[in-house]
Amino acid sequence: MEELRRRILADGRALDDRVLLVDSFLNHQVDPELMRAVGEEFARRFDGEGITRVVTIESSGISPALMTALALKVPMVILKKSASRVLQDGILQTDVYSFTKNARYKLTLKCEFVHPDDRILIVDDFLANGEAAFGALRLLEPAGAKVVGVGAVIAKMFQPGASRLREAGYRVEVLAPIRRMSAGKIEFE
Ligand code: 5GP
């Protein structure tokens, strides 16, 4: 997706060879026009897959996932990261290790928002080691849903997430696949 690559080169900042900052347009301040284009591109790529729900992980996945759900005309479900006093009954939880925070969190799904006949697209802002995506799969599949694929706005292809998911049989679509990066330098596949 050329528009996204150009934006990453113009406004993204590689802090080192592992962490990319895109907080001016994706995960702190958000560019709605760019997110609309991202959503339309995921919808185009997964057209014909019969997606019935888009699922994401709070919080940075929400804007691309919402625009994807809007383009596909299906609901979006947010997997929660923090325990809530109102979210108690009928929930599934799994522990996930966070790459950027170097800490574990409990990913939570309220089961009523996923049905056994659902065909689900997982959308997230970044794919790194795949911990968040595999955490989502551990919640969605026991709920009976079929996960059709994973869409990542940005994937650092030098980390194992995308290949781990593909080896496990999932379709993975990446809008901006990064081959390598170093402080101040970003190279796409
Ligand atoms: P994974 O679970 O695949 O190891 O990491 C993906 C999650 O970690 C994403 O939801 C994203 O929020 C965060 N993440 C991973 N790498 C980066 C990065 O380079 N920059 C930012 N901003 N977030 C990242």
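The values are calculated or read from the model by the stated rules, or taken from the named source; none is laboratory data. Just so you know, these numbers come straight off a predicted model, no measurement behind them. Cβ: placed from backbone, ideal geometry, glycine included. Neighbour counts: every protein chain shown.
Some points to look at:
- Checking each residue in region 90-112 for being more than 13 Å from Phe134 (Cβ to Cβ) and acidic (Asp, Glu) picks out only Glu112.
- Matching option when the condition is acidic (Asp, Glu) and surrounded by 19 or more Cβ atoms within 10 Å (Cβ to Cβ), among Glu41, Glu33, Glu49, Glu3: Glu41
- Qualifying residue in region 83-95 (condition: surrounded by fewer than 22 Cβ atoms within 10 Å (Cβ to Cβ), under 17 Å from the mean Cα position of the chain (by Cα) and not in a strand (DSSP E or B)): no
- Here Gly149 meets the list (1) among the small types (Gly, Ala, Ser); (2) more than 10 Å from the ligand (Cβ to nearest atom); (3) surrounded by 24 or more Cβ atoms within 10 Å (Cβ to Cβ) almost entirely, failing just condition (3).
- Complete set of residues in region 148-170 that are assigned to a strand (DSSP E or B) and either in contact (Cβ under 8 Å) with a residue 40 or more places away in the chain or of a type in the set (Phe, Trp, Tyr) (or both): Val148, Gly149, Gly151, Val153, Ile154, Lys156
- The set of residues from region 99-125 being farther than 12 Å from Glu58 by Cα and within 10 Å of the ligand (Cβ to nearest atom) comprises Phe99, Thr100, Lys101.
- Among the residues listed as Ile51, Ile8, the single one being in a loop (DSSP other than H, G, I, E, B) and modelled with pLDDT of 95 or more: Ile51
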